[in-house]
1. Report the residue of chain A with the smallest Cβ-to-axis distance, using the rotation axis that brings A onto B, in whole Å.
2. Given a cut-off of under 8 Å on Cα pairs at least six residues apart, what relative contact order in percent is computed for the range B:90-143?
3. For chain A, what is the mean residue ellipticity at 222 nm derived from helices alone (per DSSP H run of n ≥ 4: -39500 (n - 2.57); sum divided by total residues; nearest 500 deg cm²/dmol)?
4. Got the B:Tyr141 label distances to the other copies yet, label 7 Å along Cα→Cβ, in nm, shortest first?
5. Can you give the average number of partner chain beta-carbon atoms within 10 Å of each beta-carbon in peptide B:132-142, as a whole number?
6. What average count of beta carbons from other chains do you get within 10 Å of the Cβ of residues in B:37-44?
7. Going by amide H atoms built from the backbone, whose H comes under 5 Å of the H on A:Lys75, apart from near neighbours?
8. Quick one: ranking B:Thr56, B:Thr129 by accessible area, 1.4 Å probe, largest first, what do you get?
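The values are calculated or read from the model by the stated rules, or taken from the named source; none is laboratory data. From a predicted model like this one, the values you see are computed outputs, not experimental measurements. Reconstructed Cβ throughout: ideal geometry from the backbone, glycine too, with neighbour counts over all protein chains shown. These accessible areas exclude ligands, DNA and RNA; they are computed on the full protein's heavy atoms, side chains included. Shrake-Rupley method; radii C 1.70, N 1.55, O 1.52, S 1.80 Å.
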Number of protein chains: 2
Amino acid sequence: MTNPLLPLNNASMANAGLLDQLKFDSKGLVPLIVQDAVNGQVLMMAYMNREALEKTLDSGKVHTYSRSRGRLALKGESSGHFQHVKEILTDCDGDVVLIKVEQVVAACHEGYRSCFFRQYDERGGQWKTIAERQFDPDKVYSK
Amino acid sequence: MTNPLLPLNNASMANAGLLDQLKFDSKGLVPLIVQDAVNGQVLMMAYMNREALEKTLDSGKVHTYSRSRGRLALKGESSGHFQHVKEILTDCDGDVVLIKVEQVVAACHEGYRSCFFRQYDERGGQWKTIAERQFDPDKVYSK
């Protein structure tokens, strides 16, 4: 199968018509689900504005719009834990984006491969951690 | 492994303390990602309020809060295409829920197994449909 994302390193190749077909919300955002292209694990959820999607297409690396920081963010910009884009999908309503990626090291800033490392267990007082840390956040983010 | 969701058929078993640890937004909602427990396919994204989560826990079937209809909705209530809960996870921030399910027939109201049946392909004028319909929506929803 040919790669529908190639060539990625040319801004002019982002298909504006396809982006026009997405339904951004009143704040100009769409939810983004990031999934591991290798094992199918859901890695994280974030938001994208149109510029984040364009930068993602141009660079081949996931960019998000950080609502808390109010700006575009390259995923992995501090840690080096980039997400290399393998496939981009949208849903029936065109208002959610799903990106399958090759994840460098781990997606979660708390050191876990996936942000979804806590499981509902009604017998406990806390959500149960079910994964192992892949890195020490204190070391990675203090660099 | 014991099932951390059992017994599900007892409202009093929903662990209110665990639900209190989730961060619902200003509208009382959290985004929900539904994933096929068997093959890892991301099936859909929706929203839950606290009541939707409680009903999901009580019944073992995914309930969502429909923003367009302004009410609680049992997934599959019209089609019979229920989502049986296998595992419930939350993310590092506790503001997104991921539920792994056993999907009956298909998740998408357009007849596809997953709502994410359209792929970004910059060579085309439309997002490219990459899945086969599992049912005919006209037949299922006209019942």
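1. A:Gly40, 1
2. On the way: 49 pairs, mean separation 14.5, N = 54.
Worked out over the range B:90-143, it gives 27 percent.
3. On the way: 3 runs with 20 residues, N = 143.
Only helices count here, giving -3500 deg cm²/dmol.
4. The projected label point of B:Tyr141 is separated from its counterparts by 4.3 nm.
5. Working: counts 0, 0, 0, 0, 0, 0, 0, 0, 0, 0, 0.
Per-residue shielding by partner chains comes out at 0.
6. 3
7. Under 5 Å from the amide H of A:Lys75: A:His63, A:Thr64.
8. Numbers: B:Thr56 0, B:Thr129 70 Å².
Most to least solvent-accessible, the answer reads B:Thr129, B:Thr56.
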